[in-house]
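Peer 1: Once you've had a glance at the structure underneath, I'll fire off some questions.
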Amino acid sequence: MPRAVYLLALGIFAMVTSEFVVAGLMPQMADGLDATIPEIGYLITAFAAAMAFGGPFLTVALLKMRQKSALMVLFGIFLAGNVLAALAPDYRTMLVARVITGIASQAFFGVSISLCAQLTRPEVRGRAIAVALNGLMLGTLLGLPLSTVIGEHLGWRAAFWAITALTVLAALATLIGVPRVERADDGGGNLRQELGAFRNPRLWLTLTTSTFVIGATFSAFSYLNPILTEITGFSTGTVPLLLIAYGAATVIGNTIVGRFADKHAVPVLLIGLLLNLAFLAGFAVLAQLSVPAVALMMGIGLVGVTMNPALMTRVQRTGNARPLVNTVHTSFITLGIIIATSVGGPAIDTFGLRAPLWIGAALAALGLVTLLPDLKRLREGRTSHATREVEAQDTPSPKESARV
């Protein structure tokens, strides 16, 4: 695996840590910015919305650039937004900073995945994507708890300064260790040809699958803390340890999925969605029992967001591996997070804390529906292949024909 892929993972790790940092420092940021907890929560929504709707436009603006140069520009924009967040004197300034960093991180994600495709052979692209996406998994496993600890002991601004330092490190590593790759002469950089991929209806269905897969997972992940404390009965001090275990499960699952994504993307998604549906429904029913609840939570970690390598491989094969398709894909992934969090909150008010788990199960079921056309094509392909083999066996060889 090229060293550059690991360096791209470092950049993704820095940006995912920035995405999650607000969730761990809500009380401190509310006090520091003279805001309410719900208002601080809107900073998470603003980041996600900026990613989903702003990232593709920034990617379009950078299409003419070589991808390494585009990454350095995105590092600069993200760094400016993160410094603004660290210095923010009031809530409005922080909101602007979150929008800037959200847009930059989404475009960075798309360009990085596209660069992974260019740096590796087609038969190992799924594994390369999984390596790069370990930056995302490690952001959950390490970035969130570490930034929370820094914020609790040194103040919330120190957490943003730590992310700034990490971003500078990732940018320097990318500048030194990632090679310059010439744009392929296949229309990359031409907006009209980049947009041409979206005329394929199959691509839109494939993108929708990603929305449902990630939405199903985040319906549970977004509310794990209150579910584990108020229903399962764990102490607030135990929950961070359980979340670290959940993050470790995502790293393991991501690595496993990456091994199979290149050759078996659709079967992997089918198995993953079926298991996630079972884990989410089981968690909803058994959340009051500590051992089953933890086991089912770990199961969600293994087969939830870890489907990303298979999702991205499927999208690239249906559309292409260029930056715009990858960025729009990550926008559809982010849309799943927005749906999960926006629907989950009101559902809790009406039906209780188990509601997000049932919503997640419903989204997983919808994801299975979007797989049906590909499963049908896969089955028809196997049937026609088997038919050709039978016909080949029944057809006499030239020597046999001569004997007859």
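The values are calculated or read from the model by the stated rules, or taken from the named source; none is laboratory data. Every value quoted in this text rests on a predicted model; they were computed, and no experiment measured them. Cβ placement follows ideal geometry from the backbone for every residue including glycine, while neighbour counts extend to all protein chains displayed. Protein only, heavy atoms only, side chains kept; ligands, DNA and RNA dropped before computing areas. Shrake-Rupley method; radii C 1.70, N 1.55, O 1.52, S 1.80 Å.
Residue by residue, here is whether (1) at pLDDT 85 or above; (2) farther than 24 Å from THR211 by Cβ; (3) open to solvent by 20 Å² or more (accessible area, probe 1.4 Å) holds:
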site: PHE13; (1), (2), (3): yes, no, yes
site: VAL22; (1), (2), (3): no, no, no
site: ILE37; (1), (2), (3): no, yes, yes
site: ALA48; (1), (2), (3): no, no, no
site: PHE53; (1), (2), (3): yes, no, yes
site: LYS64; (1), (2), (3): no, yes, yes
site: LYS68; (1), (2), (3): yes, yes, yes
site: ASN82; (1), (2), (3): yes, yes, no
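Peer 1: So, in region 84-104, exactly how many residues are in a helix (DSSP H, G or I) and open to solvent by 10 Å² or more (accessible area, probe 1.4 Å)? Even if it seems obvious, please write down each step before you answer.
Peer 2: First pass over region 84-104, keeping only residues in a helix (DSSP H, G or I): 84-87, 91-104.
If we keep only those that are open to solvent by 10 Å² or more (accessible area, probe 1.4 Å) as well, we get 84, 87, 91-93, 95-96, 99-100, 103.
Residues meeting the conditions: 10.
Peer 1: For THR341, are the conditions met, namely being assigned to a helix (DSSP H, G or I) and without any contact (Cβ under 8 Å) to a residue 40 or more places away in the chain? Reasoning before the result, please.
Peer 2: Working: assigned to a helix (DSSP H, G or I): yes; without any contact (Cβ under 8 Å) to a residue 40 or more places away in the chain: no.
Answer is no for this residue.
Peer 1: Could you run through region 279-288 and say how many residues are over 15 Å from ASN225 (Cα atoms) and either in contact with a Gly (Cβ under 7 Å, 6 or more places away or on another chain) or in contact (Cβ under 8 Å) with a residue 12 or more places away in the chain (or both)? Give the derivation first.
Peer 2: Residues of region 279-288 over 15 Å from ASN225 (Cα atoms): 279-282, 285-286.
This time we only want the ones that are either in contact with a Gly (Cβ under 7 Å, 6 or more places away or on another chain) or in contact (Cβ under 8 Å) with a residue 12 or more places away in the chain (or both), so: 279-282.
Summing the residues that are over 15 Å from ASN225 (Cα atoms) and either in contact with a Gly (Cβ under 7 Å, 6 or more places away or on another chain) or in contact (Cβ under 8 Å) with a residue 12 or more places away in the chain (or both) in region 279-288 gives 4.
Peer 1: Return the total of residues in region 268-291 being open to solvent by 40 Å² or more (accessible area, probe 1.4 Å) and part of a helix (DSSP H, G or I).
Peer 2: As a first pass, look at region 268-291 and keep what is open to solvent by 40 Å² or more (accessible area, probe 1.4 Å): 270-271, 274-275, 277-279, 285-286, 288-291.
Among the residues that remain, those that are also part of a helix (DSSP H, G or I) are: 270-271, 274-275, 277-279, 285-286, 290-291.
So the answer is 11.
Peer 1: When you go through ALA162, ALA170, ALA158 one by one, which is the residue that is out of contact with any Leu (no Cβ under 9 Å at 6 or more places or on another chain) and either more than 12 Å from THR17 (Cα to Cα) or part of a helix (DSSP H, G or I) (or both)? Steps first, please.
Peer 2: On the way: ALA162 fails: out of contact with any Leu (no Cβ under 9 Å at 6 or more places or on another chain); ALA170 fails: out of contact with any Leu (no Cβ under 9 Å at 6 or more places or on another chain).
Of ALA162, ALA170, ALA158, the one residue that is out of contact with any Leu (no Cβ under 9 Å at 6 or more places or on another chain) and either more than 12 Å from THR17 (Cα to Cα) or part of a helix (DSSP H, G or I) (or both) is ALA158.
Peer 1: Go over the candidates LEU133, LEU142 one by one and state the one that is of a type outside the set (Lys, Arg), closer than 28 Å to ALA117 by Cβ, under 19 Å from the mean Cα position of the chain (by Cα) and surrounded by fewer than 23 Cβ atoms within 10 Å (Cβ to Cβ). First the steps, then the outcome.
Peer 2: On the way: LEU133 fails: surrounded by fewer than 23 Cβ atoms within 10 Å (Cβ to Cβ).
Result of the check over LEU133, LEU142: LEU142.
Peer 1: May I ask you to say which residue of THR148, THR120, THR164 is within 21 Å of ARG317 (Cα to Cα), touching a residue at least 40 places away in the same chain (Cβ under 8 Å) and either surrounded by fewer than 24 Cβ atoms within 10 Å (Cβ to Cβ) or of a type in the set (D, E, K, R) (or both)? Step through it out loud before you land on a result.
Peer 2: Details: THR148 fails: within 21 Å of ARG317 (Cα to Cα); THR164 fails: within 21 Å of ARG317 (Cα to Cα).
Only one candidate passes the filter, namely THR120.
Peer 1: Which of (1) among the charged types (D, E, K, R); (2) farther than 24 Å from ALA265 by Cα; (3) buried (at least 22 other Cβ atoms within 10 Å of the Cβ) does ASP349 not meet, given it meets every other one?
Peer 2: (3)
Peer 1: Any residue at all in region 299-319 that is in a helix (DSSP H, G or I) and over 30 Å from PRO122 (Cβ atoms)? Even if it seems obvious, please write down each step before you answer.
Peer 2: Initial filter on region 299-319 (in a helix (DSSP H, G or I)): 299-303, 305-318.
Cutting the leftovers down to over 30 Å from PRO122 (Cβ atoms) gives us 299-300.
For region 299-319, residues in a helix (DSSP H, G or I) and over 30 Å from PRO122 (Cβ atoms): present.
Peer 1: Within the set of pairs 6+ apart or on separate chains, which have a first residue in region 224-237 that is under 18 Å from GLY304 (Cβ atoms), a second that is at pLDDT 85 or above and open to solvent by 60 Å² or more (accessible area, probe 1.4 Å), and C-beta atoms under 8 Å apart?
Peer 2: Correct list of pairs: ILE227/ARG354.
Peer 1: Against the conditions (1) assigned to a helix (DSSP H, G or I); (2) open to solvent by 30 Å² or more (accessible area, probe 1.4 Å), where does GLY237 fall short? Just the number, please.
Peer 2: (1)
Peer 1: Quick one: which residue in ALA216, ALA249, ALA220 is under 13 Å from the mean Cα position of the chain (by Cα), open to solvent by less than 10 Å² (accessible area, probe 1.4 Å) and either among the aromatic types (Phe, Trp, Tyr) or closer than 25 Å to ASN134 by Cα (or both)?
Peer 2: Numbers: ALA249 fails: under 13 Å from the mean Cα position of the chain (by Cα); ALA220 fails: under 13 Å from the mean Cα position of the chain (by Cα).
Going through ALA216, ALA249, ALA220 in turn, just one is under 13 Å from the mean Cα position of the chain (by Cα), open to solvent by less than 10 Å² (accessible area, probe 1.4 Å) and either among the aromatic types (Phe, Trp, Tyr) or closer than 25 Å to ASN134 by Cα (or both): ALA216.
Peer 1: Based on this model, can you work out whether LEU375 counts as surrounded by fewer than 21 Cβ atoms within 10 Å (Cβ to Cβ) and either closer than 20 Å to THR45 by Cα or out of contact with any Lys or Arg (no Cβ under 7 Å at 6 or more places or on another chain) (or both)? Reasoning before the result, please.
Peer 2: Numbers: surrounded by fewer than 21 Cβ atoms within 10 Å (Cβ to Cβ): yes; either closer than 20 Å to THR45 by Cα or out of contact with any Lys or Arg (no Cβ under 7 Å at 6 or more places or on another chain) (or both): yes.
Yes.
Peer 1: Moving to a separate point now. Please specify each residue of region 173-192 satisfying the condition of being modelled with pLDDT of 75 or more, touching a Lys or Arg at 6+ places or on another chain (Cβ under 9 Å) and open to solvent by 20 Å² or more (accessible area, probe 1.4 Å).
Peer 2: Within region 173-192, the subset modelled with pLDDT of 75 or more is 173-180, 192.
When the remaining residues are screened for being touching a Lys or Arg at 6+ places or on another chain (Cβ under 9 Å), the result is 174-175, 177-180.
Those that are modelled with pLDDT of 75 or more, touching a Lys or Arg at 6+ places or on another chain (Cβ under 9 Å) and open to solvent by 20 Å² or more (accessible area, probe 1.4 Å): LEU175, PRO179, ARG180.
Peer 1: Can you tell me which residue among ALA49, ALA30, ALA9, ALA23 is part of a helix (DSSP H, G or I) and either without any contact (Cβ under 8 Å) to a residue 12 or more places away in the chain or among the β-branched types (Val, Ile, Thr) (or both)?
Peer 2: Numbers: ALA49 fails: either without any contact (Cβ under 8 Å) to a residue 12 or more places away in the chain or among the β-branched types (Val, Ile, Thr) (or both); ALA9 fails: either without any contact (Cβ under 8 Å) to a residue 12 or more places away in the chain or among the β-branched types (Val, Ile, Thr) (or both); ALA23 fails: either without any contact (Cβ under 8 Å) to a residue 12 or more places away in the chain or among the β-branched types (Val, Ile, Thr) (or both).
Going through ALA49, ALA30, ALA9, ALA23 in turn, just one is part of a helix (DSSP H, G or I) and either without any contact (Cβ under 8 Å) to a residue 12 or more places away in the chain or among the β-branched types (Val, Ile, Thr) (or both): ALA30.
Peer 1: Pull up region 298-310, narrow it to residues that are out of contact with any Leu (no Cβ under 7 Å at 6 or more places or on another chain) and in contact (Cβ under 8 Å) with a residue 60 or more places away in the chain, then point me to the one that is most open to solvent (accessible area, probe 1.4 Å).
Peer 2: VAL305
Peer 1: Might you let me know whether region 190-205 holds any residue that is within 25 Å of THR334 (Cα to Cα), under 20 Å from the mean Cα position of the chain (by Cα), in a helix (DSSP H, G or I) and charged (D, E, K, R)?
Peer 2: Scanning region 190-205, I find no residue that is within 25 Å of THR334 (Cα to Cα), under 20 Å from the mean Cα position of the chain (by Cα), in a helix (DSSP H, G or I) and charged (D, E, K, R), so the answer is no.
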